[in-house]
Amino acid sequence: MAREMGKRRTAILRAAARLFAAHGYRGVTIDDLGRAVGTTGPALYRHFPGKEALLGAVLVDISERLAARGRALVAEADGPEEALRALLRGHIEFALDEPDLITVHDRELGNLTEEDRRTVRRLQRGYVEEWVGVLEKLCPNVPGPTLRASVHAAFGLLNSTPHSRGELSREAMADLLLEMGGAALLSAGATVR
């Protein structure tokens, strides 16, 4: 039963992300969300207290997943170069496979409750610090604030994927982003292979 509820929740979150990305938070009704998952809007109240809570769940969920995956990739890596490659590949996979979430985050963060916004920001800071920790080992002479700015700039590059892929295949875009992201992050001298 819990597994089935988890699948249902995941389906609702994906549908909500798709609709919020396409129409904006204010342009989507609870009935739209219900129809997107084959039920009525009021039936969603069994899973979420309302549309605002659903938006919060969408953005907290992706922030938790990115933070957990970042920690795991760094922990499993054999050294900082491998960790950076793994982080880049992981984020590129996210950007290519879940562009709706990038759009929703960019446009709808202001519609979160203060509590959800704080949670998302805390999780995002932790994710950024995983990257910074790896970069500190690769570029020990670069100050922390510069490394943090580099990570945020690289995210801007990687997260532009929903708008920039054009006619490139997924594989070609992933390769291009890996090369460009690595170069941007390591402009102080190290290289990603």
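Expressed as a whole percent, the accessible surface of the range 50-192 that belongs to carbon and sulfur atoms is 50, based on a 1.4 Å probe.
For the range 5-47, with all protein chains in place and a probe radius of 1.4 Å, 52% of the accessible heavy-atom surface sits on carbon or sulfur. Compared with the rule-of-thumb size 2.2 N^0.38 Å for a compact globular protein, the chain has a Cα radius of gyration ratio of 1.11.
Dipole orientation for the range 50-192: of the candidates Thr146, Thr161, Leu186, Thr146 has the Cα lying most toward the positive pole (charges on Cβ; Lys, Arg +1; Asp, Glu -1). Translational diffusion of the range 104-158, estimated by Stokes-Einstein from the Kirkwood radius over alpha carbon pairs at 4 °C in a medium of 1.567 mPa s, is 104 µm² per second.
The Cα atoms of the range 19-85 define a convex hull whose projected area, averaged across directions, is 6.0 nm². Between the Cα long axis of helix 51-76 and the first principal axis of the chain there is an angle of about 30°, rounded to the nearest 10.
Solvent exposure of the chain amounts to 54 Å² per residue of accessible area, where only protein heavy atoms count and the probe is 1.4 Å.
Between Lys7 and Leu176, the modelled label-to-label distance comes to 3.7 nm, taking each label 7 Å out from Cα in the direction of the beta carbon. Between the helical axis of 170-185 and the longest alpha-carbon principal axis of the chain there is an angle of about 50 degrees. Taking every alpha-carbon pair under 8 Å whose residues sit at least 6 apart, the chain reaches a relative contact order of 23 percent. Taking label positions 7 Å along the Cα-Cβ direction at both Thr40 and Asp97, the computed distance is 3.6 nm, reported to one decimal.
Taking the C-alpha atoms only, the angle from helix 99-108 to the longest principal axis of the chain is near 80 degrees. Calculated [222 nm] ellipticity per residue, helices only, for the chain: -24500 deg cm²/dmol; basis is -39500 (n - 2.57) per DSSP H run with n ≥ 4, divided by all residues, nearest 500.
The values are calculated or read from the model by the stated rules, or taken from the named source; none is laboratory data. The model shown is predicted, which means the values in this text are computed figures rather than measured ones. Don't worry about glycine lacking a Cβ; one is built from the backbone with ideal geometry, like all the others, and counts go over all protein chains shown. In case anyone asks, the SASA skips ligands and DNA or RNA and just uses the protein heavy atoms, side chains included. Shrake-Rupley method; radii C 1.70, N 1.55, O 1.52, S 1.80 Å.
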